[in-house]
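What follows is one structure encoded as structure tokens, with my remarks underneath.
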Amino acid sequence: MYQTTYYLENLDRKQLDDFVNLITHKADGNFQYVSFLLNTIINGQQKLTELEKLPNGLDALYYESLGRRIRLDSNDWSSCSMLLGILSVAEESLRQSQLQEFTGFSGSTLWMYLGKIQQFIEEVYFNENKEVEESAYRLYHQSLIDFLHQPSLLIGGKRLRNSYYLPSEDGH
């Protein structure tokens, strides 16, 4: 985060305006695009110097981000998709113990996969007994759930098959 902040602080007014205009154009009027992108920049998953390569529109950004994540992890889509599928149909945040039960993953394996999809999830905390705080997880936003549940996408004016389609019935 420090490097991103430091870089932004060193931009002159024109560079900062260009940065804002580029993101605004790429977002195509969708605030969630901006929010998702800024989170990936802050977490070091997206470089400021590579913003021009980003696709236009939220579905295209999710598609590219998931693709990049899967390629980085040796195409390990089956395990990530199981976890994303379960989270996509959950009506509330799920605790680690629940996710272990639903996936059959060991604690360390679950932790590894949660790390792999961290840009797509949000961690929340429960403190029911006032002594122990337990983490729980949910998908980052409803727009990601909508993306995962669409069999096809309109990207760049073309209708494409969604390689990351997760039918809701599979998550149940």
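The values are calculated or read from the model by the stated rules, or taken from the named source; none is laboratory data. These numbers were taken from a predicted model, which means no experiment stands behind them. With ideal geometry, Cβ positions are generated from the backbone for all residues, glycine too; neighbour counts draw on all protein chains shown. Side chains included, ligands, DNA and RNA excluded: accessible areas come from the protein's heavy atoms. Shrake-Rupley method; radii C 1.70, N 1.55, O 1.52, S 1.80 Å.
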Of every hundred units of 1.4 Å-probe accessible area on the stretch 23-76, the number belonging to carbon and sulfur atoms, as a percent, is 48
Counting only protein heavy atoms and leaving out ligands, DNA and RNA, the solvent-accessible surface of Glu50 at a 1.4 Å probe, in Å² to the nearest 10, equals 70
Ranking Asp170, Asp18 from most to least accessible area with a 1.4 Å probe gives Asp170, Asp18
Taking 113-121, 97-105, 157-165 and ranking on average Cβ neighbours within 10 Å, highest first, one gets 113-121, 97-105, 157-165
Counting lysine pairs in the chain that sit 8 or more positions apart or on different chains, with Cα atoms under 30 Å apart, gives 12
Spelling it out for Ile155: with amide H atoms placed in the peptide plane at 1.01 Å from N, the residues 5 or more places away or on another chain with amide H under 5 Å from its amide H are Leu160
Here the stretch 80-94 yields Karplus 3J(HN,Hα) values (6.51, -1.76, 1.60; θ = phi - 60°; whole Hz; Gly and Pro given as x) of 5, 5, 4, 5, 5, x, 5, 5, 6, 10, 5, 8, 8, 4, 10
Note on the stretch 46-147: alpha-carbon gyration tensor, axes a ≥ b ≥ c; rule is a/c under 1.5 for rounded, else prolate if a/b larger than b/c, else oblate; result prolate
The local net charge around Leu58, scoring Lys/Arg +1 and Asp/Glu -1 for residues other than Leu58 whose Cβ lies under 15 Å from its Cβ, equals -3
With every protein chain in place, the accessible area of Val20 for a 1.4 Å probe, in Å² rounded to the nearest 10, comes to 70
Which of Leu51, Leu84, Leu16 fluctuates most in a GNM of the chain (C-alpha springs under 10 Å)? That residue is Leu16
Among [x] 25, 18, 15; [y] 28, 19, 17; [z] 30, 21, 14, the entry matching semi-axes √(5λ) of the Cα gyration tensor in Å as calculated here is [z]
Taking a ≥ b ≥ c as the square roots of the eigenvalues of the Cα gyration tensor, with a/c under 1.5 meaning rounded and otherwise prolate when a/b exceeds b/c and oblate if not, the stretch 59-100 is oblate
From most to least accessible, 1.4 Å probe, no ligand or DNA/RNA atoms counted, Trp77, Trp111 line up as Trp111, Trp77
Here D for the stretch 81-121, in µm²/s, from Stokes-Einstein with a Kirkwood Rh over Cα pairs at 37 °C and 0.692 mPa s, works out to 321
Expected field for Thr49, accessible surface area in Å² at 1.4 Å probe radius, rounded to 10, holds 110
